[in-house]
Each structure stands twice: as C-alpha cells, then as structure tokens.
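Participant: Okay, handing you the structure first.
Read-outs throughout are calculated quantities, based only on the coordinates presented, and are distinct from any laboratory measurement. It should be emphasised that the depicted structure is a prediction, and the values quoted were computed from it without experimental measurement. Here the Cβ is made from the backbone with ideal geometry for all residues, glycine too, and neighbour counts use every protein chain on show.
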C-alpha cells in the first residue's frame, strides 16, 4: 500500500473540492462547471482509496448531493486522519528489530570508513574499509608486492607456497570445525573484494544506498575480525 500516493490523491481531491465550494456564488447551489467535472473524474479513485481505509467513508462520498462538496471534504479529511494513524502504527507498533551500530564494527573497518560515512559518501566509505583491511593484512604477513583479491588468495590459502607467510585461524588443525573455518576464509575474502570492493572502486553510478552500504561494511567487519584473529605461519 503506497500511503504517500494515497495521501497525495486525497489532498488533491480536497483542494479541488475546496476550490469548487469557493466558486459557488451566494444564493446558488452549484459552482464552476469545469471544477465539478474535475471532481467527478477524481471521484472514482478517491472512493477506491477511501474504501481501502474504511468502506463506510467511500459510501459517504457523494458530491452530486446538495452540499456534497463540503461533506466530501470532511470525508476526505477523515481518510487523511486514518493515513496519519497508519504512519504512527507502522512506526510505533512495528516489532522490535535488532540494530546494527556501525561504530561497533571492527576498528579496521569503521576507523577507515567513519569520516566518509558521516559525509554520506557511502561507496567511498566501503572502499576505504576494504583498503584498510588490505593494508593491515599486508602488514601482518609482511608483503606489499600483492594486494586486494590476489593478496587474499595468497595468504588465506590451504596450499601456501614454500617460504611465504600465510594466515590461519587459531585452534587444533585437526579439529573439523577449525578446518572448515580456515577453508572458508579464502572464498569469503575473495567474495568481499571481488564482489564489493571492486564495484566500490570502479563503478561510476549514483551514490550507494545507505542500508546496502552498511551491510557491505558488516561483511568487511566479519572479514577483518577473522584476519585479525589469524596467526601468521610460514610454509616449508
């Protein structure tokens, strides 16, 4: 239900009815013929809207009766009141949902994104978070020769190259849970960089939606926590 559109239609009808009432000369029962025809054309849509709000209101909308336009305005005002109440219901009676406070994201992510986020540059904020994760990972493994997706694939692999540093989550390497978590690191990181970071860096499109960008930051926060928890190992 598009309440904004419904409200606009009712307000338009109310304004039209007001103009019609004002066009009625003293001592006469009818006003502008043009406005009366416009009211007649708008009546069907107005009745449909009122019927969805309260069927009784639709039955009361009879502009052809004597004083019909004045009564129609009262009916429409009641419909607008219901719409206002519906807005309040949606705000105040909706089930409680958990919030996602961005300042609780991993500091690699939020410290990098905060300033850009505050200025509503959401795509740039996400890109900054990815860049920060890349930099911290490079520092952790002591490599600056590769970056982004290539870096993630190299250091989060289960088949590291001899002599090079790589990352693994702590725990018994023979434990099945530890094994599966470590196996998930590389594809998750690759998805974050290829699927989120790359569009953030190269896409020339309208500014990203705030909610979508927040979810992308959350994805990077998970990755940052995992990489931060990892221990550095060296392949032999």
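Participant: Which residues, taken from the range 168-198, are without any contact (Cβ under 8 Å) to a residue 60 or more places away in the chain and in contact with a strand residue (DSSP E or B) (Cβ under 7 Å, 6 or more places away or on another chain)?
Facilitator: 182
Participant: May I ask you to verify whether residue 201 is in contact (Cβ under 8 Å) with a residue 60 or more places away in the chain, in contact with a helix residue (DSSP H, G or I) (Cβ under 7 Å, 6 or more places away or on another chain) and buried (at least 19 other Cβ atoms within 10 Å of the Cβ)? Please lay out each step first, then the result.
Facilitator: Values: in contact (Cβ under 8 Å) with a residue 60 or more places away in the chain: yes; in contact with a helix residue (DSSP H, G or I) (Cβ under 7 Å, 6 or more places away or on another chain): yes; buried (at least 19 other Cβ atoms within 10 Å of the Cβ): no.
No.
Participant: Now for a different question. So which residues in the range 27-46 are surrounded by 12 or more Cβ atoms within 10 Å (Cβ to Cβ) and over 19 Å from residue 85 (Cα atoms), if there are any at all?
Facilitator: Correct list: 30, 31, 32, 35, 36, 38, 39, 42, 43, 45.
Participant: Quick check on my filter: what residues within the range 1-31 are within 16 Å of residue 51 (Cα to Cα) and not in a helix (DSSP H, G or I)?
Facilitator: 1, 2
Per-residue answers, yes or no, for (1) farther than 20 Å from residue 3 by Cβ; (2) in contact with a helix residue (DSSP H, G or I) (Cβ under 9 Å, 6 or more places away or on another chain):
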| position | (1), (2) |
| --- | --- |
| 29 | yes, no |
| 40 | yes, no |
| 43 | yes, yes |
| 53 | no, yes |
| 85 | no, no |
| 88 | no, no |
